[in-house]
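Each remark here refers to the structure printed beneath this line.
The values are calculated or read from the model by the stated rules, or taken from the named source; none is laboratory data. Owing to the predicted nature of the structure, the values given are computational and were not obtained by experimental measurement. Quick reminder, even Gly has a Cβ in these numbers, built from the backbone with ideal geometry, and neighbours come from all protein chains shown.
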Amino acid sequence: MCAAGLLAGQAQAAVSSTPNLQVSGRIEYAAMGASFRTTNGNSSTACTFKTPSGGTFTGSSSSAVGQIVAGNATLLDTERNAVQKVPAGATVKTALLYWVASQSTSTMDNLVDLTVGTTRTTVTASRTWSTALQGAYAGGAVADVTNLIRANPNAALRVDNLNVQINGDQCAVNNVHGAWTLYIVYEHAGLSTKTVSFYDGVSLVGGSTGVSTASVNATGFYLPDSSSLDRVAKASVMVADGDPGATGDSFSLNATGAARVSQSSTNRTASDFFRGLVTYEFPDSSDVVQGGSSASTTTTTATNTGGLDIATVDSSAIPAGTTGITATVDSGSSELLILHSLVLEANISGANVRTAKSVVSGMTTATVNTALDFLIKVDNAQGSTEALQVVTVDTLPKGLTYNSTQISYDGGATWATLSGVTASKNSTTGVTTVTFPAIRRLDPDGKVWGGTGTVATQLGSQSVQYRVNVTADGSALNRLTNSVRASSQSSEANSADNASSADINVTTAAQGPLPNTTDWPSTCDLIDWSKANLSSGNNATPLGNGTRTVTSVGGRNISVALTSATGASNNGIMGYSSSFANYGSWYEVRGVSTSIQPSYTQAFLTRAGGNTQVNTVVLTFPQPVNNLRLGISDIDAVGGSNGSNGDWLKVTASYGSATFNPDLLVGGGLGTVAFGGVPSVGSPSAAMTQSAPGLGNSTMKSADATPYQTSAYNTLMGNATSYTQVIGDSGASVNKQGQGLAYFKGPLTSLTVLTGSLKGTGGNAIALSNVSFCAPRYTLSKSAGTPVRQADLSHNIPYSLTYTNTSDPNAYNPDVSVRSTTFSPSVPTPSGQDPWAALRPQISDAVLDRIQANPNVTSARLVGTPSLGSQTNTRNLDSAALNSSFTGTSSNPTLLQANTTARVNTGGSFTVNLTANVTLKSGLSTTQDVQNSASSTGVMSGTTPLTANSNTVVSSLTPTTTLTLQKTASRTFVRYQGSPAAPDTDLLTYTLLVTNTGGVLAQNVVVTDTLPASVTYVPGGEATTPPSSVNGQVLTWNLGSLAPGEQQELTVLVRMPSAQTLETTSSPQPIVNSAASQGENALSVSAQATTNTLYLALLKRVRNLSPVPAAQVTATNPPWGTTSVGHPGDVLEYCIDFHNYGSAALSNYVLQDPLPENVTIEPGSWAVYSGTMTTEPRTPLAGANVSYDAASRKVKAAVNPLPAGTHGTLCFRAKIN
């Protein structure tokens, strides 16, 4: 812009040095705008402005002050580039509209019209400002338009009705301006935390003002050292009347106290920055120009940003760690720049990254070549803002070799291999530095963000966990410390908790088998002796004899019969012991599965000695079980006279009449031998020589050549006279001595365990582990279909019950090489017993009682009879099992009877379907829930029944409501008159009013209007309600829902029938319009509106009877005419036909005809006949009276009433005088 001076003595309302508004949060902003001026440049055409009507107004240097209303400063949605739009999923937090203009007075125009999309609203400024300029003023205003922008943030925008003063002096130097700018601040969870500050007012920079620069400074930021996606130092400046070609002007940004850095981009140079453009500059100095904006140096090129600069700069000039930013507008002292607003945005930060490190599974000791996992947890839970670019570095000490890393964002529920990890080992120190890829963003609430878009993508919600797998390589032993540190590029007041460490003790000592934790299905059950309440409380004091009941982990009650050994000192059954570590070890058994024995220090302890003294433990199960496993420990010969005199344990099972040995009996530790029964001194034994490599991590062996068939052996005895110690998985030393494992495929109903010792001395410990087994099980599930409303507004609810035998069909041999095969029994099924898990089903369902537990249910009944649905893997199950007298009540709830031959095999299922009809009370105002569940049993012959209850299903029933329908017609009768006859109204309007008078929502309300056949529907009439469909004379409206008390009025326009239509109708009827309304939960109601037609027609004719002989006169001879010719003495006959074409009877109908001049009536010739004048024979019209009044010379007929559709004729004769 050319240089221009201020008027002397007038103060400048400068742009504020402190923010007028600050907005913080997960935000970003977009800047855009348009000008009312049509061009850039330095000629009088720069005074050309758009007007609201679409035209222009041009001032000139010689013109006086002219005030115009400018308008049509438009920014189309298609002209807005991506950085000027609010992204999907974001919400507008603040929107500020600025408008600036040359003014004739110091009072700025505080009203403009803003159109967003197609909605136009008058906006009032919350603040205005102005300063003297070139014989007039430059002013500005701002308004909060958040509510107008929020619903449609990316729409086309237009501003109208801005007062702009065009001054001749200003035109000479082109200071005249008028424009608007919109800043939209939006928030999204995927954005980094920032503060945006708004500064506004008016500062005249350059020209002859003596002020060449204007600056603002913002503080409280912290710029992270992250990518430009999250690291933001951004400014927008709004300047009026920047000119292309007027050089020396610039815009700079700098960190507080640092040197200014002039900004430039593709379309803005460092020495010609303000050029009448709206642009966005990226950190690489490229930019995009708002659609329609142009910096042409010619004065004839139209632009929608004429004389307006909105420059948004996303700068890379501000270094990381900056806490304050200064923005400066510089004119170079030549071009006058009118600065109205400036916006500064940058990151704020308050992160607190923490780490926690541990060894997975709590391991404290590992041997050389052992692989182990370290768990690293990284969070920002104590931060006030997100942590950006979180980098975690794991420092592995010498002795640990890095293998791989997994990452989890959901608290360790799922893991994925982490790529991009770098591991660098120092060849001198042996330390390995493992660096994980940076986490883009970590929130205080645990959300983790990544991705490469401006808006981050959420990866998880429970912070970050790393699982680092390493191997103890033996290059260093004993205590090794693994440390980790996480850091972010955000500001952190507390970095002390960024690091953590975990220790592992690496040793070369011998170690027992690692515990196997994953080899047994979780659906199977367990007798956990620690929870069985079966303990003497002393490892040397026996329990008393007798039978107890213990409850398994799965809730089954199991009978335990105890008979203690006597005789020698301390003999007997002690039960659960929590200090078994003093007596033996479980390391071989735990090598098979820790589900059998989770701890080295726990056991079911017995003691025996004296050769013939025996402890007996009998477990009796309520139902047959399979896949039973029992661990054995502390069977040794330590203290015996030779290697064959040791502690022993015998185990057998029974099912019905069958008793059998284990399917697998293995032993290990420091020596065990097998027997086929209770051993005695000197009896032969079998060495454990057959390898069973699949037994977890143990090295136990079998005496059987084919140990997975029915075994010949049922007893293990220890033959080792000494024992050693090994390192258990906890890192502690444990005894290594005789251990074993017994496995029964089953099914079995009881397990008998005998323990004893051939050492001769009393009180020798023999221990049992927890007992794991699989039990039969089934489920009963219930589902309810969608309630179906009936014509009487009751509901039919379809129910389906599904009985499923979920017993495990697999054999889980402890040997993994043969595990998970299809189950086959240990022995053939004994007589009178069922095959494994073949259940006899029974179902009870008091469905109607449960439904009627809701007090708002009037009645419930069964619809039809229950039926069997689909079934699989069942036997002898048919409809005969359904109870024909089932009532669905507590008095007779049995739905499926326990048939003695019907069975549901493992994996089998069947369904039973039934339907209940439910009627609710009237007048309810809320949806009613009715609940239902069922119970059942499953029985295997001769055992305690299994029971299962179904889930509870809830059906929601909508109460009924009441509709009323009123119908009216705009006319109760329509009169036909005139010549030719026509209705006195051509159109008839029907009004229908439907009202929900009940207390609940009326659903799916439909109104039908059946128009009479005689009228014609007129679509599209003013103030009518278009129907949803038209089918002939039937109009239908689908009204949806009506709230209680809500009304809906419908209007229909029809065309009345023509007079000709009425004349051809043999039996006139009123026009009756019938309508009906009903809802999904409301009965049908109807209404009528009736309109009568009134149409009376007259036809008068005359004829001369004299020329025709009397004998030849008929109703048609001589013919009738409208005129007749005769001579004195001739006799004329007059007839008047009257027709009631209307739909209503007419009362007190009177017809009069005055006698013409020059005729004399023939006495007694007057009469009223039925039909018309041409009807033969003539028949008097019933109810008609006719007379002649000589004084008035009138013939008068009276008919009362004159029915609808009646045709009559009044005739009389007169002689020509």
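Every residue, every condition in (1) surrounded by fewer than 19 Cβ atoms within 10 Å (Cβ to Cβ); (2) touching a strand residue (DSSP E or B) at 6+ places or on another chain (Cβ under 9 Å); (3) modelled with pLDDT of 90 or more, yes or no:
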position	(1), (2), (3)
Cys2	yes, no, no
Ser16	yes, yes, no
Ile27	no, yes, yes
Phe36	no, yes, no
Ser43	yes, no, no
Ser53	yes, no, no
Thr56	yes, yes, no
Lys93	no, yes, yes
Tyr98	no, yes, yes
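Only residues that are within 22 Å of Asn1217 (Cβ to Cβ) and part of a loop (DSSP other than H, G, I, E, B): list them for region 1140-1192, please.
Leu1155, Pro1156, Glu1157, Asn1158, Glu1162, Pro1163, Gly1164, Ser1165, Trp1166, Ala1190, Ala1191, Ser1192
State whether the residues of region 818-827 include one that is of a type in the set (A, V, I, L, M, F, W, C) and assigned to a strand (DSSP E or B).
Keep residues of region 818-827 that are of a type in the set (A, V, I, L, M, F, W, C), which gives 818, 823, 827.
Remaining after also requiring assigned to a strand (DSSP E or B): none.
No, region 818-827 contains no residue that is of a type in the set (A, V, I, L, M, F, W, C) and assigned to a strand (DSSP E or B).
Enumerate the strands (runs of 3 or more DSSP E) found wholly within region 107-157, keeping only those where 1 or more residues are in contact with a Gly (Cβ under 7 Å, 6 or more places away or on another chain), buried (at least 19 other Cβ atoms within 10 Å of the Cβ) and at negative phi.
Details: elements: 111-116, 119-124, 127-133, 136-144.
Counting at least 1 such residues, we get 127-133.
Residues Gly220, Gly248: which one is small (Gly, Ala, Ser), over 18 Å from Ser331 (Cα atoms) and surrounded by fewer than 16 Cβ atoms within 10 Å (Cβ to Cβ)? Write out each step before concluding.
On the way: Gly248 fails: over 18 Å from Ser331 (Cα atoms).
Just one listed residue meets the conditions, Gly220.
Determine which single condition Arg607 fails, assuming it passes every other condition in (1) modelled with pLDDT under 90; (2) farther than 28 Å from Pro521 by Cβ; (3) among the charged types (D, E, K, R).
Every listed condition holds for Arg607 apart from (1).
Hey, does region 424-442 have a residue that's in the same structural domain as Pro397 (by TED's automatic domain parsing), more than 15 Å from Thr392 (Cα to Cα), among the β-branched types (Val, Ile, Thr) and touching a residue at least 40 places away in the same chain (Cβ under 8 Å)? Walk me through how you get there before you give the answer.
Taking region 424-442 first, the residues in the same structural domain as Pro397 (by TED's automatic domain parsing) are 424-442.
Retained after the next criterion (residues that are more than 15 Å from Thr392 (Cα to Cα)): 425-431.
Imposing the further condition that a residue be among the β-branched types (Val, Ile, Thr) reduces the set to 428-429, 431.
Filter again for touching a residue at least 40 places away in the same chain (Cβ under 8 Å), leaving none.
Looking through region 424-442, none of the residues is in the same structural domain as Pro397 (by TED's automatic domain parsing), more than 15 Å from Thr392 (Cα to Cα), among the β-branched types (Val, Ile, Thr) and touching a residue at least 40 places away in the same chain (Cβ under 8 Å).
Does Ala1145 meet the test of being without any contact (Cβ under 8 Å) to a residue 40 or more places away in the chain and either surrounded by fewer than 19 Cβ atoms within 10 Å (Cβ to Cβ) or under 60 Å from the mean Cα position of the chain (by Cα) (or both)?
no
Every residue, every condition in (1) modelled with pLDDT of 95 or more; (2) surrounded by 18 or more Cβ atoms within 10 Å (Cβ to Cβ), yes or no:
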residue: Thr995; (1), (2): yes, yes
residue: Gly999; (1), (2): no, no
residue: Ala1023; (1), (2): no, no
residue: Val1034; (1), (2): yes, no
residue: Ala1043; (1), (2): no, no
residue: Glu1049; (1), (2): yes, no
residue: Glu1063; (1), (2): no, no
residue: Ser1066; (1), (2): no, no
residue: Gln1069; (1), (2): no, no
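Can you go through Thr471, Thr481 and tell me which one is closer than 16 Å to Asp373 by Cα, surrounded by fewer than 15 Cβ atoms within 10 Å (Cβ to Cβ) and in contact with a Ser or Thr (Cβ under 6 Å, 6 or more places away or on another chain)? Can you show your working first?
Working: Thr471 fails: surrounded by fewer than 15 Cβ atoms within 10 Å (Cβ to Cβ).
Of Thr471, Thr481, the one residue that is closer than 16 Å to Asp373 by Cα, surrounded by fewer than 15 Cβ atoms within 10 Å (Cβ to Cβ) and in contact with a Ser or Thr (Cβ under 6 Å, 6 or more places away or on another chain) is Thr481.
Name the single residue that is surrounded by the fewest Cβ atoms within 10 Å (Cβ to Cβ) among those in region 259-281 being touching a residue at least 40 places away in the same chain (Cβ under 8 Å) and assigned to a loop (DSSP other than H, G, I, E, B).
Step by step, filter region 259-281, then rank; the result is Ser271.
Can you list the strands (runs of 3 or more DSSP E) lying wholly within region 664-725 that have 2 or more residues being exposed (fewer than 14 other Cβ atoms within 10 Å of the Cβ) and not acidic (Asp, Glu)? Can you show your working first?
Working: elements: 664-668, 672-675, 715-718.
Fully inside region 664-725 and qualifying: nothing.
Are any residues in region 859-902 part of a loop (DSSP other than H, G, I, E, B), of a type in the set (S, T, N, Q) and touching a helix residue (DSSP H, G or I) at 6+ places or on another chain (Cβ under 8 Å), and if so, which ones?
Here is the first cut: in region 859-902, the ones part of a loop (DSSP other than H, G, I, E, B) are 876-878, 883-888, 890-891, 893, 897-902.
Keeping just the survivors that are of a type in the set (S, T, N, Q) gives 876, 883-885, 887, 890-891, 897, 899-901.
If the condition is that a residue be part of a loop (DSSP other than H, G, I, E, B), of a type in the set (S, T, N, Q) and touching a helix residue (DSSP H, G or I) at 6+ places or on another chain (Cβ under 8 Å), then Thr887, Ser890, Gln897, Asn899 are the ones that fit.
So, Val205, is that one surrounded by fewer than 21 Cβ atoms within 10 Å (Cβ to Cβ) and within 25 Å of Leu133 (Cβ to Cβ) or not?
Values: surrounded by fewer than 21 Cβ atoms within 10 Å (Cβ to Cβ): no; within 25 Å of Leu133 (Cβ to Cβ): yes.
In short, no.
Being on the phi > 0 side of the Ramachandran plot and assigned by TED's automatic domain parsing to the domain that holds Ser483 narrows it down to one of Gly450, Gly411, so name that one. Write out each step before concluding.
Details: Gly450 fails: on the phi > 0 side of the Ramachandran plot.
After ruling out the rest, the residue left standing is Gly411.
Only one of Gly399, Gly383 is within 13 Å of Arg441 (Cβ to Cβ), assigned by TED's automatic domain parsing to the domain that holds Ser424, in contact with a strand residue (DSSP E or B) (Cβ under 7 Å, 6 or more places away or on another chain) and not aliphatic (A, V, I, L, M). Can you tell me which? Break it down stepwise before answering.
On the way: Gly399 fails: within 13 Å of Arg441 (Cβ to Cβ).
Sole residue among the options that is within 13 Å of Arg441 (Cβ to Cβ), assigned by TED's automatic domain parsing to the domain that holds Ser424, in contact with a strand residue (DSSP E or B) (Cβ under 7 Å, 6 or more places away or on another chain) and not aliphatic (A, V, I, L, M): Gly383.
Tell me which residues, restricted to region 884-896, are under 43 Å from the mean Cα position of the chain (by Cα), within 15 Å of Asn913 (Cα to Cα) and of a type outside the set (A, V, I, L, M, F, W, C).
Thr887, Gly888, Pro893, Thr894
What is the residue count in region 964-984 for residues that are of a type in the set (D, E, K, R) and part of a loop (DSSP other than H, G, I, E, B)?
Of the residues in that region, 2 qualify.
Out of all the residues in region 546-578, which are closer than 19 Å to Val614 by Cα and polar (S, T, N, Q)?
Matches in region 546-578: Thr547, Thr563, Ser564, Thr566, Ser569, Asn570, Asn571.
Restricting to region 204-239, name every residue that is outside any strand (DSSP E or B) and among the β-branched types (Val, Ile, Thr). Please lay out each step first, then the result.
Quick first cut of region 204-239, residues outside any strand (DSSP E or B) only: 206-212, 220-232.
Correct list: Thr209, Val211, Val232.
Does region 736-744 contain at least one residue that is modelled with pLDDT under 80 and among the aromatic types (Phe, Trp, Tyr)?
No, region 736-744 contains no residue that is modelled with pLDDT under 80 and among the aromatic types (Phe, Trp, Tyr).
Out of the residues in region 769-808 meeting the condition of being assigned to a loop (DSSP other than H, G, I, E, B) and crowded, with 17+ Cβ neighbours inside 10 Å, tell me which one is modelled with the lowest pLDDT.
Our first condition is that a residue be assigned to a loop (DSSP other than H, G, I, E, B); within region 769-808, this holds for 775-777, 785-787, 790-794, 806-808.
Now restrict to residues that are crowded, with 17+ Cβ neighbours inside 10 Å: 775-777, 787, 793-794, 807-808.
Numbers: Ala775: 94, Pro776: 94, Arg777: 93, Pro787: 95, Leu793: 91, Ser794: 93, Ser807: 92, Asp808: 88.
The residue in question is Asp808.
Can you spot a residue in region 601-620 that is without any contact (Cβ under 8 Å) to a residue 60 or more places away in the chain, in contact with a Phe, Trp or Tyr (Cβ under 8 Å, 6 or more places away or on another chain), more than 22 Å from Gly546 (Cα to Cα) and in the same structural domain as Asn714 (by TED's automatic domain parsing)?
Taking every residue of region 601-620 in turn, at least one turns out to be without any contact (Cβ under 8 Å) to a residue 60 or more places away in the chain, in contact with a Phe, Trp or Tyr (Cβ under 8 Å, 6 or more places away or on another chain), more than 22 Å from Gly546 (Cα to Cα) and in the same structural domain as Asn714 (by TED's automatic domain parsing).
Can you pull out every residue in region 210-248 that is more than 19 Å from Thr195 (Cα to Cα), among the hydroxyl-bearing types (Ser, Thr, Tyr) and at pLDDT 80 or above?
Correct list: Thr213, Thr247.
Quick grid of which residues meet (1) over 30 Å from Leu223 (Cβ atoms); (2) surrounded by 15 or more Cβ atoms within 10 Å (Cβ to Cβ); (3) at pLDDT below 95:
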| site | (1), (2), (3) |
| --- | --- |
| Ile376 | no, yes, yes |
| Pro397 | yes, yes, yes |
| Ala416 | yes, no, yes |
| Ser419 | no, no, yes |
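Go through (1) in the same structural domain as Val560 (by TED's automatic domain parsing); (2) on the phi < 0 side of the Ramachandran plot; (3) assigned to a loop (DSSP other than H, G, I, E, B); (4) not β-branched (Val, Ile, Thr) and name the single condition Gly760 misses.
(2)
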